[in-house]
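Contents: one structure, followed by commentary.
Here, each number is a calculation from the coordinates, and none is a lab measurement. Everything numeric here is computed off the predicted structure, so don't read it as measured data. Cβ placement follows ideal geometry from the backbone for every residue including glycine, while neighbour counts extend to all protein chains displayed.
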Amino acid sequence: QSGFVNIIGRPNVGKSTLMNALVGERMSIITNKPQTTRHRIIGLVSGDDYQVVFSDTPGVIEAPSYRMQESMNQFAFSTFEDADIMMFVTEPGEHYADDDPIIQRLQNVKVPFFLVINKIDTVDDGKVLELIKLWNDRISFTETIPVSALQKVNTERLMEVVMKYL
Ligand code: GDP
Ligand code: MG
């Protein structure tokens with residue numbers, strides 16, 4: 001089993017924290033270039049019979065207001081096509097519209113794409129169920145997994161689901 005998982009989402013939804021939680025103790029290598037908001041971070045999880053590469057892309061920013069942000073968006077999107085799994089990370093909150101540019105792109109993605117609702121430690125179970133329904137009414141995800149990257153809730157489960165698709 002081997003593959004490439006692309007983690008995408010708005011800034012501050014917890015992409016880096018999630019990748020650290022997934023790669024964690026199994027980490028073999030992380031390349032972390034300076035100014036991590038502009039450079040891709042790669043985490044490799046490997047064992048005797050598997051190898052999974054996670055890519056934590058720079059945040060996608062809505063309505064780029066200057067050239068730098070524009071090129072960051074281009075870079076984030078440029079990795080869409082080579083992934084085996086797209087992992088779209090979002091968080092509870094009232095900023096659903098902010099995710100629209102990413103959602104638009106996801107509609108054309110041919111590979112399995114996961115909805116990861118992060119930071120579920122900040123809301124109650126009812127709210128989580130509400131969010132799952134709200135998101136899946138907007139777009140049909142291959143898998144929907146609520147997690148807390150910070151508290152490592154459901155992150156092992158997420159890793160199992162990743163392996164299922166590789
Ligand atoms: P990124 O910009 O998407 O890479 O987000 P980061 O991983 O840098 O996280 C942004 C902020 O959210 C940090 O302060 C994290 O500690 C916090 N955060 C990340 N995951 C969680 C979570 O599961 N629960 C809570 N409460 N905070 C989180
Ligand atoms: Mg980050």
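Between amide H atoms placed 1.01 Å from N, distances below 5 Å from M87 occur with N6, I7, I8, F114, all of them 5 or more places distant or on a separate chain. Subtracting the Cα-Cα distance of T142 and A97 from 0.36 nm times their residue separation leaves 14.1 nm of extension gain.
By the beta-carbon count within 10 Å of each Cβ, the least crowded to most crowded order of Y165, Y50, fewest first, is Y50, Y165. Straight-line reach from K110: taking Cα to Cα under 21 Å and skipping same-chain neighbours fewer than 8 places apart, the lysines in range are K164. Length gained on full extension, E160 to Q51, computed as 0.36 nm times the residue gap minus the Cα-Cα distance: 37.9 nm.
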